[in-house]
Amino acid sequence: MDKKPLPLLQYFGFTKQPFDKNLPLKHLFLSRQISQLFDQLKLFLHRRGIALITGEIGSGKSTAIRTFLEHLEKNNYDIAYIPDPTIGIRGILNSIAIQLNLQAGYFKWQLLERLKLSIEKNAQDFNKTTILIIDEAQLLNTKNLEEIRLFTNFKIDSHTPLNLILSGQPDLIKTIYLNSMKALCQRINFRYHLSGLDSSETKDYINNHLKYAGRTDTLFGDDVIEEIFQQAKGIPRVINNLCFDCLVEIYQQNKNIVEISTLEKVLLKWQIG
């Protein structure tokens, strides 16, 4: 019979699932890059415009952005977050309207007019800035990207009431630098690329997850952590998966410490899989 997660938690003395992708935002590990991103995003919001945030799959872009938004003063901002832009431009506009407590509409021109009037009114009457975040923006085609750029044009352009954050994988950069995207490219006044954690951050990251799960001691030797860093290239999602699979491995073997041999077995299983 397969061993279930609950016995694994009991075996290691965990109070919560270790290396869970749904780690509460308040427990996010603040790497050097994420801390720097937060500082620069604060400056961007005052300057206003269009931001481009990129990173490899699993680098923590979405989590970092959501955490940053959680700490904003809600009275100063209206926020619309689009996690899946494949719903098309009308779907995006409808989602923005709903999140801004506006009535969605069938016709695109009605949506655009309603949204722009509301965003401008909130800026002029209540000094509120609207933040639109489009995640996985590499999935947008050039036509939709251009329509989104046009949506950011306002009559009061000298003091734009809208901040747009485009977040996606590195392919998004290639798209934006196409000749047909020059107008959008020139409008971007903030760019940031999230790469992986460094070696020392990987150790702190692993210990942060173990502490959240209820262990204050480490279950991974320094040599193992270094190899996990090398194999994962510092990408948090891959680190999570490797660490959890290593814990499952030593649980099944009735061991208490992850060794290099443990990691090697996990990597072999990954290759076979």
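The values are calculated or read from the model by the stated rules, or taken from the named source; none is laboratory data. All values derive from a computational prediction rather than experimental measurement. Quick reminder, even Gly has a Cβ in these numbers, built from the backbone with ideal geometry, and neighbours come from all protein chains shown.
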Of everything in the stretch 3-32, what is out of contact with any Asp or Glu (no Cβ under 7 Å at 6 or more places or on another chain), within 15 Å of ARG66 (Cα to Cα) and in a helix (DSSP H, G or I)? Give them in sequence order. LYS26, HIS27
Somewhere in the stretch 171-192, is a residue hydroxyl-bearing (Ser, Thr, Tyr), out of contact with any His (no Cβ under 7 Å at 6 or more places or on another chain), within 25 Å of TRP109 (Cβ to Cβ) and at pLDDT below 95? yes
May I ask you to list the residues in the stretch 246-271 that are in contact (Cβ under 8 Å) with a residue 24 or more places away in the chain, over 15 Å from PHE229 (Cβ atoms) and outside any helix (DSSP H, G or I)? ASN256, ILE257, GLU259
Subset of the stretch 36-47 that is within 17 Å of the chain's Cα centre (by Cα) and among the hydrophobic types (A, V, I, L, M, F, W, C) - its residue that is surrounded by the fewest Cβ atoms within 10 Å (Cβ to Cβ): PHE38
Regarding ILE57, is this residue part of a loop (DSSP other than H, G, I, E, B) and in contact with a helix residue (DSSP H, G or I) (Cβ under 8 Å, 6 or more places away or on another chain)? yes
Test for ILE98: is it surrounded by 17 or more Cβ atoms within 10 Å (Cβ to Cβ), under 25 Å from PHE68 (Cα atoms) and within 25 Å of the chain's Cα centre (by Cα): no
Being touching a Cys at 6+ places or on another chain (Cβ under 7 Å) and surrounded by 14 or more Cβ atoms within 10 Å (Cβ to Cβ), is that true of even one residue in the stretch 19-35? yes
Within the stretch 148-186, can you find the residues that are crowded, with 16+ Cβ neighbours inside 10 Å and either farther than 22 Å from ARG66 by Cα or of a type in the set (D, E, K, R) (or both)? ARG149, PHE151, THR160, THR175, ILE176, MET181, LEU184, CYS185
Can you confirm whether GLN36 is over 30 Å from ILE165 (Cα atoms) and modelled with pLDDT of 90 or more? no
Consider only pairs whose beta carbons are under 8 Å apart and that are at least six residues apart or on different chains; among these, list those whose first residue lies in the stretch 47-76 and is closer than 17 Å to SER31 by Cα and whose second residue is of a type in the set (Asp, Glu) and surrounded by fewer than 21 Cβ atoms within 10 Å (Cβ to Cβ). LYS61/ASP135; SER62/ASP135; ILE65/ASP135
Give the stretch 218-268 a look and list any residue that's among the charged types (D, E, K, R) and under 27 Å from GLY55 (Cβ atoms), or say none. ASP222, GLU226, GLU227, LYS233, ARG237, ASP245
Take ALA104 and decide whether it is assigned by TED's automatic domain parsing to the domain that holds ASN76, surrounded by fewer than 17 Cβ atoms within 10 Å (Cβ to Cβ) and modelled with pLDDT under 95. yes
